[in-house]
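Notes to accompany the following structure.
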Amino acid sequence: MERVGGLDGRALERRLGSLASMRLRVEVTDNLHTMLSFGRSPEGLVVRMHRMFLRAPPTVVEALARYIRGSDRRSSTILDRYIESHRWMIRKVPVHERRRRFPIRTRGRYHDLTAHYQELCDAYFRGRRIDCAQTWGRVPRTRLPRRTIKLGSYSTEARLIRIHPALDQAHVPDYFVQWILFHEMLHHLHGVHYDGRRRRVHTPAFAEDEKRYVHLERARQWERENLDSLLWWPAKSD
């Protein structure tokens with residue numbers, strides 16, 4: 001099993017099993033997103049962890065054991081800080097390769113994301129193109145009505161904005177689609193901030209910047225009045 005710096009995988013497995021007082025198996029990964037996960041097998045608990053944990057000092061290994069036993073808050077904080085300080089070990093994948101995983105489709109039946117994006121660049125960024133791609137997202141399989149719906153998302157690694165296809169309906173106004181797109185463009189510009197304890201994406205500066213969108217209150221009002229039509233939207237609407 002792999003060794004990086006201090007422990008090798010088997011030694012870490014034995015140490016964790018002893019500290020957690022349980023039967024477990026460690027699988028070392030080189031994942032891009034999930035740094036730590038658990039699963040059950042007939043042989044016991046399977047702990048899948050990024051190879052960065054092979055460098056972990058005793059305090060982090062002990063926190064990991066406590067987290068495995070009971071997911072306590074203090075241990076979670078220690079692990080979060082360790083992961084953030086070792087992100088340099090996460091394999092770098094070029095933006096164009098990350099985007100290749102997502103089919104780019106900007107023209108919908110009722111809304112063209114490229115046109116909306118260009119209009120926002122002209123109106124709020126002095127015509128400067130924001131270096132991120134846009135696409136209509138895939139439709140997750142779910143029973144209707146949805147309990148929640150994520151209307152937009154931004155991938156830092158792929159520099160890609162995905163908009164939920166439920167917004168590509170005749171009754172959804174341009175200003176609402178543009179608000180969701182504008183919000184995700186701001187995520188690209190503002191990035192992620194850490195206050196020493198937690199990850200923050202909606203900072204006060206972000207909120208102030210979003211207020212520049214002239215239809216902000218109108219868009220929020222439309223969402224309050226029409227959310228049900230989005231929650232009930234079927235994959236093959238109209």
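In table form, for the structure just shown:
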quantity: Those helices (runs of 4 or more DSSP H) lying entirely in region 146-238 with at least 2 residues in contact with a strand residue (DSSP E or B) (Cβ under 7 Å, 6 or more places away or on another chain) and of a type outside the set (A, V, I, L, M, F, W, C); calculated: 174-190
quantity: Number of the condition not met by Ala56 [criteria: (1) at pLDDT 90 or above; (2) of a type in the set (A, V, I, L, M, F, W, C); (3) closer than 30 Å to Asp131 by Cα]; calculated: (3)
quantity: Which numbered condition Lys92 fails, given (1) modelled with pLDDT under 90; (2) buried (at least 16 other Cβ atoms within 10 Å of the Cβ); calculated: (2)
quantity: Options Ile130, Ile161; residue that is touching a helix residue (DSSP H, G or I) at 6+ places or on another chain (Cβ under 9 Å), of a type in the set (A, V, I, L, M), more than 13 Å from Ile104 (Cα to Cα) and open to solvent by less than 80 Å² (accessible area, probe 1.4 Å); calculated: Ile130
quantity: Positions within region 133-158 being open to solvent by 60 Å² or more (accessible area, probe 1.4 Å) and either touching a Gly at 6+ places or on another chain (Cβ under 8 Å) or under 11 Å from Leu181 (Cα atoms) (or both), in sequence order; calculated: Thr156
quantity: Neighbours by Cβ (under 8 Å, 6+ apart or cross-chain): first from region 112-129, within 10 Å of Phe182 (Cβ to Cβ); second in a helix (DSSP H, G or I) and among the aromatic types (Phe, Trp, Tyr); calculated: Leu120/Phe182; Tyr124/Phe182
quantity: Filtered residues of region 67-81 (kept if in contact (Cβ under 8 Å) with a residue 40 or more places away in the chain and over 27 Å from Glu157 (Cβ atoms)); calculated: Ile68, Arg69
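Here is a yes/no grid of residues against (1) within 30 Å of Arg126 (Cβ to Cβ); (2) modelled with pLDDT under 95:
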site: Pro145; (1), (2): no, yes
site: Arg162; (1), (2): yes, yes
site: His188; (1), (2): yes, yes
site: Glu217; (1), (2): yes, no
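Listed here are the residues, each with its yes/no results for (1) within 17 Å of Phe206 (Cα to Cα); (2) of a type outside the set (Val, Ile, Thr); (3) touching a His at 6+ places or on another chain (Cβ under 6 Å).
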{"residue": "Asp122", "(1), (2), (3)": "no, yes, no"}
{"residue": "Thr148", "(1), (2), (3)": "no, no, no"}
{"residue": "Pro165", "(1), (2), (3)": "no, yes, no"}
{"residue": "Phe176", "(1), (2), (3)": "no, yes, no"}
{"residue": "His188", "(1), (2), (3)": "yes, yes, no"}
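The values are calculated or read from the model by the stated rules, or taken from the named source; none is laboratory data. This is a predicted model, so every value here is computed, not measured. Please note: Cβ atoms are built from the backbone with ideal geometry, for glycine as well, and neighbour counts cover all protein chains shown. Protein only, heavy atoms only, side chains kept; ligands, DNA and RNA dropped before computing areas. Shrake-Rupley method; radii C 1.70, N 1.55, O 1.52, S 1.80 Å.
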